[in-house]
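Peer 1: My questions all concern the structure below.
The values are calculated or read from the model by the stated rules, or taken from the named source; none is laboratory data. In this text the structure is predicted, and so the values were computed from the model without any measurement. As a convention, Cβ positions derive from the backbone with ideal geometry for all residues, glycine included, and neighbour counts pool all protein chains shown.
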């Protein structure tokens, strides 16, 4: 079975490895975000940064808050970046919640904070 949006996620992961190879770990998330934006553009991927999304609760007409995903790539893949020593369950839950809020199926959680780049591919 073919992974959904495999071609896009492979390019994103490759771009992330390129960023980590050059910068290593120890920078703030924002630094990695800017570098990854450059690499995604070089890879020919269309993306948007920091797209604000309203969060709704049940049948309430007004949003109860807003969230911002780091990237939405090709309008299909949500990308959330971290710069932490180790990914935790709360980070995975965050991406799953973002996928629901943004009505997307595939997400990547990418961590630049450890010695080696780590990532998780999540599908709703």
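Peer 1: Could you please find all residues in segment 75-110 being in contact (Cβ under 8 Å) with a residue 40 or more places away in the chain and touching a helix residue (DSSP H, G or I) at 6+ places or on another chain (Cβ under 9 Å)?
Peer 2: Let us first name the residues in segment 75-110 that are in contact (Cβ under 8 Å) with a residue 40 or more places away in the chain, namely 76-77, 79, 81-83, 98, 101-102, 105-106, 108, 110.
Correct list: 76, 77, 79, 81, 82, 83, 105, 106, 108, 110.
Peer 1: Considering only segment 111-124, state which residues are crowded, with 17+ Cβ neighbours inside 10 Å and either assigned to a loop (DSSP other than H, G, I, E, B) or in contact (Cβ under 8 Å) with a residue 40 or more places away in the chain (or both).
Peer 2: Passing the criteria: 112, 113, 117, 119, 121.
Peer 1: So which of 36, 92 is over 16 Å from residue 123 (Cβ atoms) and surrounded by 15 or more Cβ atoms within 10 Å (Cβ to Cβ)? Break it down stepwise before answering.
Peer 2: Details: 92 fails: over 16 Å from residue 123 (Cβ atoms).
Checking each option against the conditions leaves just 36.
Peer 1: Give me the residue from segment 1-12 that is touching a residue at least 12 places away in the same chain (Cβ under 8 Å) and surrounded by fewer than 16 Cβ atoms within 10 Å (Cβ to Cβ) and, out of that set, nearest to residue 69 (Cα to Cα). Walk me through how you get there before you give the answer.
Peer 2: Taking segment 1-12 first, the residues touching a residue at least 12 places away in the same chain (Cβ under 8 Å) are 3-5, 8-9, 11-12.
Adding the requirement that they be surrounded by fewer than 16 Cβ atoms within 10 Å (Cβ to Cβ) leaves 3-4.
Working: 3: 22, 4: 20 Å.
So, considering only residues that are touching a residue at least 12 places away in the same chain (Cβ under 8 Å) and surrounded by fewer than 16 Cβ atoms within 10 Å (Cβ to Cβ), the one nearest to residue 69 (Cα to Cα) is 4.
Peer 1: Can you confirm whether residue 65 is at pLDDT below 90 and more than 21 Å from residue 124 (Cα to Cα)?
Peer 2: Working: at pLDDT below 90: yes; more than 21 Å from residue 124 (Cα to Cα): yes.
Yes: the conditions hold for residue 65.
Peer 1: Only one of (1) under 14 Å from the mean Cα position of the chain (by Cα); (2) at pLDDT below 95 fails for residue 30. Which number is that?
Peer 2: Single failed check for residue 30: (2).
Peer 1: Right, here's the next one. Return yes or no: is residue 72 in contact (Cβ under 8 Å) with a residue 24 or more places away in the chain, in a loop (DSSP other than H, G, I, E, B), surrounded by 12 or more Cβ atoms within 10 Å (Cβ to Cβ) and touching a helix residue (DSSP H, G or I) at 6+ places or on another chain (Cβ under 9 Å)? Spell out how you get there, then give the answer.
Peer 2: Values: in contact (Cβ under 8 Å) with a residue 24 or more places away in the chain: yes; in a loop (DSSP other than H, G, I, E, B): no; surrounded by 12 or more Cβ atoms within 10 Å (Cβ to Cβ): yes; touching a helix residue (DSSP H, G or I) at 6+ places or on another chain (Cβ under 9 Å): yes.
No.
Peer 1: Against the definition (more than 26 Å from residue 10 (Cβ to Cβ) and either assigned to a strand (DSSP E or B) or touching a strand residue (DSSP E or B) at 6+ places or on another chain (Cβ under 8 Å) (or both)), how does residue 58 come out, yes or no?
Peer 2: Considered against the rule, which asks whether it is more than 26 Å from residue 10 (Cβ to Cβ) and either assigned to a strand (DSSP E or B) or touching a strand residue (DSSP E or B) at 6+ places or on another chain (Cβ under 8 Å) (or both), residue 58 comes out as no.
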